[in-house]
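Quick notes on the structure that follows.
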Amino acid sequence: MKKLKALQDFINTLADDGVCIAFSGGVDSSLILKIAADTGKKVHAVMFRTNLHPAGDEPEARKLAAEMGVDITVIEIDEFSNPDILKNPVNRCYLCKKMLFTELTEFAKNNAYKVIIDGTNADDHKEYRPGIKALEELGIVSPLAELGITKDEVREYAKELGIRVHNKPSAPCMATRFPYNTDITRADLQKVELAEDYLKECGLKVCRLRVHSDIARIEVREEDFEKVIINRKNIAKEFKKIGFTYITLDIEGFRSGSMDVGLK
């Protein structure tokens, strides 16, 4: 637990002049918020309400912040106002993070918070994450990444501190469901959200629906393949109702960043 103690000490120091936490309600930012709240210093959680993230995360995030005794502000961001983001270029994550966190830096400045922290962890640096460059440019501090704390360690520490979302599946940006350089529309996003919600109703808690035109490619953990097969007729019927023509199960299973294959 040396890393946890180092994390607590680091965040305690950062909070001396007041700190904003970029808070999504996921396990990474929940761990950061819990530790910051426990310092007893001036802490404020800020959540983004966007078109590219599931709307269902907000009530849970508000509840978590309240449980930790931290005020939360929700900043509304409309990515559809930026046509470059909706073209889904390979640097989309950079453009999106720059848009979101520029707003957050303005909020922090206007409310006299000197430091902004986010939940980027060490594993994020092992994958294609162009948004990290935007965070660095804006001076956002990422304690988990700086201290080399991985996702598994985040879950371990969150459980140790009694954070009930310690095993919550990751919920990345919805744009990751589409191939790069493919235009994204509100209708496309709604189709994916409906399809993934249905998969979760079938007991598939860890799942992604990747879209290739009218083909729906389902990614689940290998141990969940049988659930898909058992429910295949209902899944196919529901997905066709949503608007997909072909429904496939990816035999490689769930993997983060599968749309990044081929990128250098």
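The values are calculated or read from the model by the stated rules, or taken from the named source; none is laboratory data. Since the model is a prediction, treat every value here as computed from it, not as a measurement. With ideal geometry, Cβ positions are generated from the backbone for all residues, glycine too; neighbour counts draw on all protein chains shown.
When only residues in region 1-23 that are closer than 23 Å to L100 by Cβ and not in a helix (DSSP H, G or I) count, which is modelled with the lowest pLDDT? Full working, then the answer.
First pass over region 1-23, keeping only residues closer than 23 Å to L100 by Cβ: 11, 14-15, 17-23.
Then keep just the ones that are not in a helix (DSSP H, G or I); that gives 18-23.
Numbers: G18: 92, V19: 96, C20: 97, I21: 97, A22: 96, F23: 96.
This residue is G18.
Considering only region 181-264, give the helices (runs of 4 or more DSSP H) lying wholly within it that have at least 3 residues that are among the charged types (D, E, K, R). First the steps, then the outcome.
On the way: elements: 186-201, 225-230, 232-242.
Result: 186-201, 232-242.
Here's the yes/no breakdown for (1) at negative phi; (2) loosely packed, with under 12 Cβ neighbours inside 10 Å:
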residue: E193; (1), (2): yes, no
residue: K200; (1), (2): yes, no
residue: R208; (1), (2): yes, no
residue: R217; (1), (2): yes, no
residue: E226; (1), (2): yes, yes
residue: I229; (1), (2): yes, yes
residue: I242; (1), (2): yes, no
residue: Y246; (1), (2): yes, no
residue: G257; (1), (2): no, no
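Contact map, region 25-49: first residue under 13 Å from I163 (Cα atoms) and of a type in the set (V, I, T), second residue assigned to a strand (DSSP E or B) and modelled with pLDDT of 95 or more, Cβ cut-off under 9 Å, separation 6 or more or different chains; pairs are I32/I21; I32/A22; I32/I117.
Can you tell which of G40, G18 is of a type in the set (G, A, S) and surrounded by 16 or more Cβ atoms within 10 Å (Cβ to Cβ)?
Numbers: G40 fails: surrounded by 16 or more Cβ atoms within 10 Å (Cβ to Cβ).
Going through G40, G18 in turn, the sole match is G18.
Among the residues of region 47-93, the one identified as surrounded by fewer than 18 Cβ atoms within 10 Å (Cβ to Cβ), within 22 Å of N111 (Cβ to Cβ) and polar (S, T, N, Q) is T73. Of the candidates F178, F254, F239, F244, the single residue that is touching a residue at least 40 places away in the same chain (Cβ under 8 Å), more than 29 Å from G25 (Cα to Cα) and not assigned by TED's automatic domain parsing to the domain that holds D123 is F244.
Restrict the check to region 137-157 and report whether at least one residue is under 14 Å from the mean Cα position of the chain (by Cα) and outside the structural domain of A61 (by TED's automatic domain parsing). Before you say what the answer is, go through the steps one by one.
Taking region 137-157 as the starting set, the residues that turn out to be under 14 Å from the mean Cα position of the chain (by Cα) are 151.
Those still in the list that are outside the structural domain of A61 (by TED's automatic domain parsing) too: none.
No, the conditions are met nowhere in region 137-157.
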